[in-house]
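The values are calculated or read from the model by the stated rules, or taken from the named source; none is laboratory data. Source: prediction; values computed, not measured. All Cβ positions, glycine included, derive from the backbone under ideal geometry; neighbour counts span all protein chains shown. What goes into the accessible areas is simple: the full protein's heavy atoms, side chains included, and nothing from ligands, DNA or RNA. Shrake-Rupley method; radii C 1.70, N 1.55, O 1.52, S 1.80 Å.
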Amino acid sequence: MTRSNPIPQPATESGAALAESRPESPGRATWDFESLSWLAPGVPLRQVICILGAGQETVREQFRLLHTRLEDLRRTRPLKSVLVTSSLPEEGKSFVALNLAVALSQGGRNRVLLLEADMRRPSCCAALGLRPVPGLAECCGSSGPVSGFVYRVAGLDLCLMPASAGPAPAAELLPARRLTQVLAETGRNFDWVVVDSSPLLPVADTVALSRRCDGILLVARRKRTLKAALREALDRIEPVKLLGLVLNDFPSPHSCQAYFRSFSASAPGTEPAETDYREAA
């Protein structure tokens with residue numbers, strides 16, 4: 001899969017919205033989004049993006065709530081690039097980044113870029129069933145246009161800049177000036193830039209990268225995140241940059257699954273048992 005052979009796509013409303021021109025500052029050229037290459041996921045998207053799957057209404061609503069809170073926050077502060085990280089590996093930061101990016105896209109009403117900056121253990125291409133393609137590492141090692149390393153993802157209303165087509169240096173070793181340029185240019189051309197970074201504690205990449213992003217979301221996973229590790233991770237983050245904690249895999253006592261069942265799906269005898277009401281109370 002290469003960038004030189006875009007995958008033909010039928011014209012859609014979401015595609016038109018993504019290609020719609022937006023006002024930019026004088027002297028700053030806008031990207032031609034129609035010229036970006038396409039990547040076609042090799043797996044059913046519902047298996048990767050949780051909020052697209054059937055029966056995930058409560059999860060979908062949580063990501064919509066996170067989207068709403070981020071929109072509220074940027075009414076009071078500059079907020080476009082959001083770095084998603086965790087204290088240690090296997091806490092679900094990439095899962096949160098993928099689903100948040102889809103939620104932020106609002107069906108094509110927002111331009112959203114998922115920027116993969118976990119150079120040591122990139123996972124976005126593998127999760128979507130994509131062969132590795134040139135991305136952030138190659139972009140930082142060249143003087144070519146940043147847009148040449150950004151791809152539109154078929155079936156999703158978002159774009160992706162993967163980590164690399166092969167082994168890549170740590171994010172902290174990427175040319176700082178070029179990395180700053182990448183974040184600045186993508187910030188001008190997208191409504192949101194979601195940065196999937198390395199975990200905070202094992203490496204120093206994220207601390208350096210966080211200084212170039214507007215805000216940070218810290219993911220904590222039930223039965224995996226260690227309290228001591230979480231405290232240490234918080235100590236490494238600039239307090240002013242921390243947007244909040246995302247609790248992953250935490251059950252909610254207010255999920256109200258029955259609320260999301262359609263009337264047509266209900267059948268006589270399927271009403272909640274009296275014990276369910278007592279438990280909820």
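Considering only residues that are on the phi > 0 side of the Ramachandran plot and in a helix (DSSP H, G or I), look in the stretch 94-134 and name the one that is surrounded by the fewest Cβ atoms within 10 Å (Cβ to Cβ).
The selected residue is 107.
Restricting to the stretch 39-52, name every residue that is more than 20 Å from residue 192 (Cβ to Cβ) and touching a residue at least 40 places away in the same chain (Cβ under 8 Å).
40, 41, 42, 43
So residue 109 fits all but one of (1) out of contact with any strand residue (DSSP E or B) (no Cβ under 8 Å at 6 or more places or on another chain); (2) within 20 Å of residue 187 (Cα to Cα); (3) modelled with pLDDT of 95 or more; what number is the exception?
(3)
For the stretch 150-175: of the residues being closer than 23 Å to residue 233 by Cα and not in a loop (DSSP other than H, G, I, E, B), which is most open to solvent (accessible area, probe 1.4 Å)?
173
For the stretch 182-228, give me each residue that is in a loop (DSSP other than H, G, I, E, B), surrounded by 17 or more Cβ atoms within 10 Å (Cβ to Cβ) and aliphatic (A, V, I, L, M).
200, 201, 203
Being part of a loop (DSSP other than H, G, I, E, B), more than 17 Å from the chain's Cα centre (by Cα) and under 26 Å from residue 136 (Cα atoms) is the requirement here; does residue 251 meet it?
No.
Answer with yes or no whether residue 55 is without any contact (Cβ under 8 Å) to a residue 24 or more places away in the chain, surrounded by fewer than 16 Cβ atoms within 10 Å (Cβ to Cβ) and in a loop (DSSP other than H, G, I, E, B).
Yes; evaluated as a whole, the condition is true for this residue.
What are the residues in the stretch 69-91 that are buried (at least 22 other Cβ atoms within 10 Å of the Cβ) and within 19 Å of residue 250 (Cβ to Cβ), if any?
84, 85, 86, 87, 91
Open to solvent by less than 50 Å² (accessible area, probe 1.4 Å), modelled with pLDDT under 90, of a type outside the set (A, V, I, L, M) and more than 19 Å from residue 111 (Cβ to Cβ): does that describe residue 27?
No: the conditions fail for residue 27.
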